[in-house]
1. Modelling each spin label as a point 7 Å along the Cα-to-Cβ direction, I'd like the B:LEU162/A:THR191 distance in nm, to one decimal.
2. Between A:ASP240 and A:GLN162, what FRET efficiency follows from the Cβ-Cβ distance if R0 is 25 Å, with the result rounded to 0.05?
3. Pairs on different chains or at least eight residues apart, Cα atoms closer than 25 Å: how many lysine pairs in the range B:173-297 fit?
4. Net charge near A:ALA259, counting Lys/Arg +1 and Asp/Glu -1 over other residues with Cβ under 13 Å of its Cβ?
5. Past 28 Å, Cα to Cα, is the threshold; run B:LYS88/B:LYS132; A:LYS160/A:LYS212; A:LYS160/B:LYS105 against it and keep the listed order.
6. Please label the shape of the range A:187-291 as rounded, prolate or oblate, based on the square roots a ≥ b ≥ c of the eigenvalues of the alpha-carbon gyration tensor (a/c under 1.5 means rounded; beyond that, a/b larger than b/c means prolate, else oblate).
7. Please give the FRET efficiency for B:TYR251 paired with B:ASP292, using the beta carbon to beta carbon distance and R0 = 35 Å, rounded to the nearest 0.05.
8. Of the listed peptides B:166-176, B:261-271, B:122-132, B:142-152, what is their order by residue-averaged count of other C-beta atoms within 10 Å, with the highest listed first?
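The values are calculated or read from the model by the stated rules, or taken from the named source; none is laboratory data. These figures come from a predicted structure and were not determined experimentally. Every residue, glycine among them, receives a Cβ derived from its backbone with ideal geometry; neighbour counts consider all protein chains shown. Just so you know, the surface numbers come from the protein's heavy atoms only, side chains and all, with ligands and any DNA or RNA stripped out. Shrake-Rupley method; radii C 1.70, N 1.55, O 1.52, S 1.80 Å.
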Amino acid sequence: MTYREALKQALRDVLNHDERTFLMGEDVGRYGGAFAVSKGLLQEYGADRIMDVPLSESGFVGAGIGAAMAGMRPIVEVMTVNFSLLAMDQIVNNAATLHHMSGGQITAPVVIRMGCGIGRQLAAQHSHSWEPLYAHIPGLIVLSAGTHDDARWMLPAAMKCQDPVIIFEYTSMLNLEGVMNESITSVDTRTAKVLRTGTMISVITYGSAVYKCLEAAERLAKEGIDVEVVDLRVLRPLDDETILRSVRKTHRALIVEDAWRSVSISSEISARIMEQAFRDLHAPVQRSCGVEVPIPYPKHLEDASVPQIADIMSAITKEFRHDRV
Amino acid sequence: MHLDPETTRHLLRQMILIRRFEDRSAEMYTKSNIRGFLHLYSGEEAVAVGVMNTLTTEDAILSTYREHGHALARGVDAGSIMSEMFGKQEGCSRGRGGSMHLFSKQHNFYGGNAIVAGHLPVAVGMALAAKKLHTNSIVCCFFGEGAAAEGEFHESMNLAALWQVPLLFVCENNRYAMGTALAFTHARMDIEAKAAAYCIDAEAVDGMDLMAVLEASTRATEKIRSTGRPFLLVCNTYRFRAHSMFDAELYRDKAEVLEWKKRDPITVFQQAAVSSGMIDGPAIKALEDSVDEELQRAVAFSEAGTWEPLDQLTKYTYAEGGRT
């Protein structure tokens, strides 16, 4: 099924499971979903459970938080992360802090889904990868659905959390066909996952870079380079254990993300690896990240703004070329 | 509206409790027991007491950083509030919040919110939940006229009306958003007129007059409970003290403050109550003594309170265990 279809099945799953659950977002109902993820759901579940909201990000995200505090289980869809800054105060100063500020009395178990990423020539204001911004905030659970399996199962898992959850979904992957792992019927919201075991280098990644890294690993296997690919899945709190176990085994690390290089997820992981596995490293941690430029419109420039498969392969092979010198 | 002697005593005591609690808080602040920001409610007592007495225990309340009066009128223990401001773990928010973040789930009191207008969308959501869950309760959201300039006010009003949620917006217009007067912040100064843009019913009332607030809030809450629709109640009031302990009040004349003090809600209500025979001098004295005694205990309780152990620092970041 497509990534889109997996997201939709996730929504149907949670709507069927708990009558307190409802979806609220711009154009989720009558329009059929800005990206057709929620197409048909209004007809299936009714207007009480599929709520079209006005263009009021701060208002409706805050309302989702309030509804969660008062016992409902809302799923707030922010059409894309690009519009989420309008709701940043609600997310950071309310959702993320209420439990703490109230001395543990209040919980706000709201799930906020946001489409993100580049790849459709939508230019600077519509192409952001702001996972690092949200991963910075204590009190939030930040998830990244970089695979079809997570597109299907992350939402049901998130709905069980007592804490506010942000789920990043990748608009460039919506039409991508994928084979679902039939043995998976649930996932956790705590661990990273080794998607491909390898012995020579740990490629640590998330989101829209996951499949690119897996493809790079496949191609490099033919050249005798055995790559381990770790899908972070949970950007906050990071699963140090899985990351470090991998790096201690392979002794090399390359972190790959589409987000801008400075002050990114890879900056953080690089620091943690240095702090906790310094003596296991045979080489400095490398990073392959988004170029620090507002995303440009023309395809050739847009493509050059984030790591592509060739860039990832090049970064990995460079790692081993150093040794041979 | 006619009040019986018992209700008269109760309401008067609540206002006196708030006034004296705020005086004590100022004193504790100068002694450095209370730190950070302290925003006192002195002068606005009639609003909190009037509105709160038209709400049930099932109704949810959200307020601003000037919320001590609302919390006290709601029944949150004075010792618990004072301890919170001292930062002690016996405080209503375990000392984690301080003056601006008083929370008490058992009283359905949801803050204590420090971002101006930041709690309005949350209030809309809580009212939406009340509607969906058929709780028959309403949500009451206090904010100042400064908040009515924020986008969140406008978004929240629109959403509340669009979704038809049982929400009482209470705008306490004390005429100054920190140090900036109403005329310098609102193109349209009659805040209640803004409600029409959202098809929300509204009323403005003299916030220095407890009876007026009580009557208006009774009307407003009855309307909300019977129609399920939101309402905006603007209470025109005045804060006798500065915005906070850091404010030198350069923006207003002392003469203006004195003028407003002639309309002190406590004095006005008390005089009317005495005139109508609802209460007498000795009873008032007894009330004041009981308030002083309550506050004495509150301060002693706070001084004897304990500090949360350092190793608990990250305990409340997440509700679920095992996350850091």
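1. Simple spin-label model gives 4.2 nm for this pair.
2. After rounding to 0.05, the efficiency reads 0.70.
3. Lysine pair count for the range B:173-297: 4.
4. Result for the local shell: -3.
5. B:LYS88/B:LYS132; A:LYS160/A:LYS212
6. rounded
7. 0.60
8. Taking the mean over residues of other Cβ atoms within 10 Å, the ranking is B:122-132, B:166-176, B:142-152, B:261-271.
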